[in-house]
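The values are calculated or read from the model by the stated rules, or taken from the named source; none is laboratory data. Fair warning: this is a prediction, and the values are worked out from it, not measured in the lab. Note: ideal-geometry Cβ built from the backbone for every residue, glycine included; neighbour counts use all protein chains shown. In case anyone asks, the SASA skips ligands and DNA or RNA and just uses the protein heavy atoms, side chains included. Shrake-Rupley method; radii C 1.70, N 1.55, O 1.52, S 1.80 Å.
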Amino acid sequence: MYIKGHQIHKGGGFEVVTRCPNCGNIGTFDQLESTDLSIYDESLWHDVGLRFCPNRDCRALLFFWKPHDGKLVTFPSLRIDFNPENLPLKIISSFNESIICHAEGCYTAAAIMVRRTLEEICENKGSKGNTLKQRIKGLRSKVVLPEELFHAMDELRLLGNDAAHIESKEYEQIGKDEVAVAIELTKEIFKSVYQMDNLLSKLKKLKKS
């Protein structure tokens with residue numbers, strides 16, 4: 001079959017192994033009956049099709065595209081995973097929005113939402129100040145963190161400033177890599193501020209009585 005110069009035929013059941021963008025589980029996605037196609041375009045074959053998440057409690061629908069000489073691309077886009085355990089709902093909401101923006105290539109918006117997440121942390125811990133810089137400084141009296149993570153918070157603040165204000169130029173660009181590192185640093189802050197005590201408690205419960 002030809003459509004506008006593209007050669008198309010039924011695909012042979014391409015195996016899709018990935019992490020579900022909806023539930024986060026990794027597995028081999030289930031094929032829908034007769035949905036795979038192989039498309040010849042610009043001297044290259046592409047496999048495209050639809051899959052269901054193998055998690056029976058999820059079953060999210062996933063579209064995939066893979067050039068024969070390239071890597072797998074999925075829609076919805078794969079998102080950076082994070083553990084929301086013990087996090088306040090406002091923080092989860094802001095941080096999840098930054099992850100969604102990063103996955104969809106909206107890096108400026110993602111950096112702004114990382115900054116918003118820091119503001120939510122400061123508010124949750126009762127740190128006051130006219131600026132985020134002052135609130136991060138005040139956070140030192142509210143939580144115990146390694147000095148490196150306080151420096152990380154200040155760098156995240158600067159990245160967010162660059163995203164929100166044209167005149168701010170601390171970073172040369174705000175792109176995929178910059179935001180990905182910012183998200184990973186924020187996850188480390190979560191662990192120290194909200195999740196470490198819970199992990200220690202779980203470990204102690206596993207000790208012999």
If I filter segment 163-183 down to residues being in contact (Cβ under 8 Å) with a residue 60 or more places away in the chain and part of a loop (DSSP other than H, G, I, E, B), which single residue comes out as most open to solvent (accessible area, probe 1.4 Å)? I174
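One line per residue, one yes/no per condition, for (1) modelled with pLDDT under 95; (2) of a type in the set (F, W, Y); (3) closer than 26 Å to I166 by Cα:
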site: P88; (1), (2), (3): no, no, no
site: N96; (1), (2), (3): yes, no, yes
site: A103; (1), (2), (3): yes, no, yes
site: C106; (1), (2), (3): yes, no, yes
site: I121; (1), (2), (3): no, no, yes
site: K142; (1), (2), (3): yes, no, no
Restricting segment 14-44 to residues that are at pLDDT below 80 and among the aliphatic types (A, V, I, L, M), the residue that is surrounded by the most Cβ atoms within 10 Å (Cβ to Cβ): I39
Which of the following residues is over 26 Å from T74 (Cβ atoms) and either β-branched (V, I, T) or at pLDDT 95 or above (or both): S201, S209, S192, S127? S127
Would you tally the residues in segment 45-80 being charged (D, E, K, R), at pLDDT 85 or above and closer than 14 Å to F14 by Cα? 1
Would you say V193 is assigned to a helix (DSSP H, G or I) and under 20 Å from L89 (Cα atoms)? yes
